[in-house]
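One structure below.
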Amino acid sequence: MEHIIQANSADIWRISEIIVTNYRMNFYQFFRDDEYYFGELNVRDTAAEFAECLGETFVYDDGIIKGVLKMNGSEIEKLFIEPTFQNCGIGRKLLNFAVSEQSGKFLWVLEYNVRAAEFYKRNGFRFTGEKMVEDEVVPLLKMAINCGIS
């Protein structure tokens, strides 16, 4: 797909910047954990994490890296777009790439993140009825491109 390429080591800092920014903008409002969102969560540590999984990470790069996709087998583990470029179709392109080119079948969405859940619904995903709580406080709902998938 046009502009979607496998991430490389030169992309790590930009990927990390996009992820940290999105976590703060999208999740801080629900958890209000200053220590985590403005201490533990930082670009340096996120970069170190992504340095180990570049083979599963893709970027939308049209001269500027505007979005990131991380796969874990058939799970779409992360999909984030630089906030400045949201609502430009980049998320849809990365999601379509995940499904059509990387055999992406499911993902977990934060229960409170209605905006993200609606985006995934518009793009063919449905709730499976499965729920998990990550780190004892983060309620996640499973969505799949085909609800028969577990």
So, Tyr120, is that one touching a helix residue (DSSP H, G or I) at 6+ places or on another chain (Cβ under 9 Å) and touching a residue at least 40 places away in the same chain (Cβ under 8 Å) or not?
no
Looking at (1) over 12 Å from the mean Cα position of the chain (by Cα); (2) outside any loop (DSSP other than H, G, I, E, B); (3) small (Gly, Ala, Ser), find the lone condition where Gly104 falls short.
(2)
Please indicate, with yes or no, whether at least one residue in region 58-71 is in a strand (DSSP E or B), within 20 Å of Phe119 (Cβ to Cβ), acidic (Asp, Glu) and touching a residue at least 12 places away in the same chain (Cβ under 8 Å).
no
Of the conditions (1) assigned to a loop (DSSP other than H, G, I, E, B); (2) of a type in the set (Ser, Thr, Tyr); (3) free of Cβ contacts under 8 Å to residues at least 24 places away in the same chain, Tyr28 clears all except one; give me its number.
(1)
Residues that are on the phi < 0 side of the Ramachandran plot and either among the basic types (Lys, Arg) or in a helix (DSSP H, G or I) (or both), drawn from region 31-46:
Phe31, Asp34, Glu35, Tyr36, Tyr37, Phe38, Gly39, Glu40, Val43, Arg44, Asp45, Thr46
Could you check region 59-80 and list, in sequence order, the residues that are among the aliphatic types (A, V, I, L, M) and either surrounded by fewer than 18 Cβ atoms within 10 Å (Cβ to Cβ) or farther than 22 Å from Arg126 by Cβ (or both)?
Val59, Ile64, Ile65, Val68
Go through (1) buried (at least 16 other Cβ atoms within 10 Å of the Cβ); (2) of a type outside the set (A, V, I, L, M, F, W, C); (3) over 15 Å from the mean Cα position of the chain (by Cα) for Glu56 and report which single condition fails.
(3)
Taking the conditions exactly as written (buried (at least 20 other Cβ atoms within 10 Å of the Cβ), farther than 16 Å from Ala7 by Cα and not assigned by TED's automatic domain parsing to the domain that holds Ile18), does Tyr112 satisfy them or not?
no
Can you name the residue in region 1-15 that is assigned to a helix (DSSP H, G or I) and β-branched (Val, Ile, Thr) and, of all such residues, is farthest from Ala98 (Cα to Cα)?
Ile12
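The values are calculated or read from the model by the stated rules, or taken from the named source; none is laboratory data. All of these numbers come straight from a predicted model, not from anything done at the bench. All Cβ positions, even for glycine, are placed from backbone atoms using ideal geometry, and neighbour counts span all protein chains on display.
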